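Before any comments, here is the structure.
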Amino acid sequence: MQQALNPKPKYTKRQLLKMEIKKHKHLYILMAPYAILFFTFTVIPVFMSLGISFSYYNLLETPRFIGLDNYLKLLLYDDEFIIAIKNTLILAVVTGPVSYMMAFVFAWLINELRPKVRAFMTLIFYAPSISGNAYLMWLIIFSGDIHGYANAFLIRYGFIDNPILWLKDPDYIMMVIIIVQLWLSLGVSFLSFIAGLQSVDKTLYEAGAIDGIRNRWQELWYITLPSMKPQLLFGAVMQITTSLAIAEVSMQLVGFPSVQYAGHTIVTHLIDYGSTRFDLGYASAIATILFLIMMSANLFVRSFLRKLGD
C-alpha cells in the first residue's frame, strides 16, 4: 500500500547519466588528464587531417577546397602510391602474422623458464625494439662489398662469386626490409604475451585435467589462449599498426627514396609529400587512406579473435 502511494520516480536517460557521472566522479577526474590529451592530440588531428585532405594546402597559402581531387590523383594517377600500397601490403602480410606468431611462440617457451632466466631472456627479446643503433648492425651485415657479413659468408662457402648489393638491388631490398622488420617487431607484442601468460589462473589447468584435457596443445587451445584474449588483441593491434606503418626501416637501410621505389611504403610516401614537398592536403589524403586500411584490418582481427577458443 505504501509503495502504491509513493511510486518510484522515473528518470530520463539524461538524468540517469548525470546521476551515474556524479556517483563515479572520482573516476572521471582520474581519467580527465589522459582523456584531454588523447582528444587534443589524437582525435582532433584526425578530423583536421580528414578535412584538409579535401583541400590544397601548402602551409604558405590558405587551404583551398578542391573536393575529391587529391583522392582521384592518388588512386588513379600516382604510380608511386600504387607501388607503395603493394609494398606495404606485402610487408604487412608477411611481417604481421609471422612476427605475431613468433612473439607468441617465444613468449610461450620463455614463460616456462625459471624467473631469473625468464627476466633475462625477456630483456634480450625486447632490447632490439628500443635500441637506437639497431640499423647500424644490419648495415654492416648487408654491406654491398666483400666485407659485409652476408657477402663474406656466402662467398666463403661458395654460394656466390661476386658481392651482392643487398641495399641497392631492387631484387633484394624487400627481402632485407622483411628480415630486419621481423627482428624489430617482436618487442611490444612479446611483452604483452609474457604478461598474459603470467596472468592465466593456474587452477584452470587443474580443472581442465579433470574435464579431460590430456596434453599441452589442448591446454593451449582451450585454456591459455581464451584466458589471454585481451593480450592477444593488444598484440594483434600493435602488429597490424607496426606492419602497415613501416617507414623507418626502409629509410635507414635503403635510402629515401629507395632504388626504383623498391622499399617505398605508404608512410614514406606520406613523409615525401608532407615533409619534403609540403603538400599537406595530398599528404592528408594518404594518411586518411592508411587510417581506413588500419581500421579495416583491426576490425577483421578483432572479429577473428573473439571466436578464439569458442
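The values are calculated or read from the model by the stated rules, or taken from the named source; none is laboratory data. As the structure is a computational prediction, the values presented were derived from the model and not from experiment. Every residue, glycine among them, receives a Cβ derived from its backbone with ideal geometry; neighbour counts consider all protein chains shown.
Assorted remarks:
- VAL176 being in a helix (DSSP H, G or I) and more than 30 Å from LEU299 (Cβ to Cβ): yes
- If you filter the stretch 165-190 down to residues that are surrounded by fewer than 20 Cβ atoms within 10 Å (Cβ to Cβ) and either of a type in the set (Val, Ile, Thr) or under 21 Å from ARG114 (Cβ atoms) (or both), you find that the one that is nearest to the chain's Cα centre (by Cα) is VAL188.
- Those helices (runs of 4 or more DSSP H) of the stretch 206-310 in which 2 or more residues are in contact with a helix residue (DSSP H, G or I) (Cβ under 6 Å, 6 or more places away or on another chain) occupy 229-244, 248-254, 266-271, 280-306.
- Taking (1) at pLDDT 80 or above; (2) in contact with a Pro (Cβ under 9 Å, 6 or more places away or on another chain); (3) not acidic (Asp, Glu) in turn, LEU225 satisfies each apart from (2).
- Answer from LEU220, LEU233, LEU186 - the residue that is closer than 30 Å to LEU299 by Cβ, touching a Ser or Thr at 6+ places or on another chain (Cβ under 7 Å), among the aliphatic types (A, V, I, L, M) and assigned by TED's automatic domain parsing to the domain that holds MET294: LEU186
- For the criterion of being modelled with pLDDT of 85 or more and touching a Gly at 6+ places or on another chain (Cβ under 6 Å), ALA247 fails.
- Of all residues in the stretch 154-169, those that are over 19 Å from LEU253 (Cβ atoms) have Cβ atoms under 8 Å from Cβ atoms of residues that are surrounded by 10 or more Cβ atoms within 10 Å (Cβ to Cβ) and polar (S, T, N, Q), 6 or more apart or on another chain, in ILE160/ASN151.
Yes or no, residue by residue, for (1) in a helix (DSSP H, G or I); (2) hydrophobic (A, V, I, L, M, F, W, C); (3) in contact (Cβ under 8 Å) with a residue 40 or more places away in the chain; (4) in contact with a strand residue (DSSP E or B) (Cβ under 7 Å, 6 or more places away or on another chain):
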site	(1), (2), (3), (4)
LEU16	yes, yes, no, no
PHE39	yes, yes, no, no
PHE47	yes, yes, no, no
LEU50	yes, yes, yes, no
LEU59	no, yes, yes, no
LYS73	yes, no, yes, no
LEU76	yes, yes, no, no
GLU80	yes, no, yes, no
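- Qualifying residue in the stretch 25-32 (condition: within 21 Å of the chain's Cα centre (by Cα) and assigned to a helix (DSSP H, G or I)): no
- Considering residues of the stretch 195-230 that are under 17 Å from LEU305 (Cβ atoms) and among the aromatic types (Phe, Trp, Tyr) only, the residue surrounded by the most Cβ atoms within 10 Å (Cβ to Cβ): TYR222
- Complete set of residues in the stretch 278-303 that are surrounded by 12 or more Cβ atoms within 10 Å (Cβ to Cβ) and not hydrophobic (A, V, I, L, M, F, W, C): ASP279, GLY281, TYR282, SER284, THR288, ASN298, ARG302
- Condition broken by ARG64, with the remaining ones in (1) loosely packed, with under 12 Cβ neighbours inside 10 Å; (2) over 27 Å from the mean Cα position of the chain (by Cα); (3) farther than 30 Å from ARG277 by Cα; (4) not small (Gly, Ala, Ser) satisfied: (3)
One line per residue, one yes/no per condition, for (1) over 24 Å from MET295 (Cα atoms); (2) touching a residue at least 60 places away in the same chain (Cβ under 8 Å):
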residue: GLY212; (1), (2): yes, no
residue: PHE234; (1), (2): no, no
residue: VAL237; (1), (2): no, yes
residue: GLY274; (1), (2): no, no
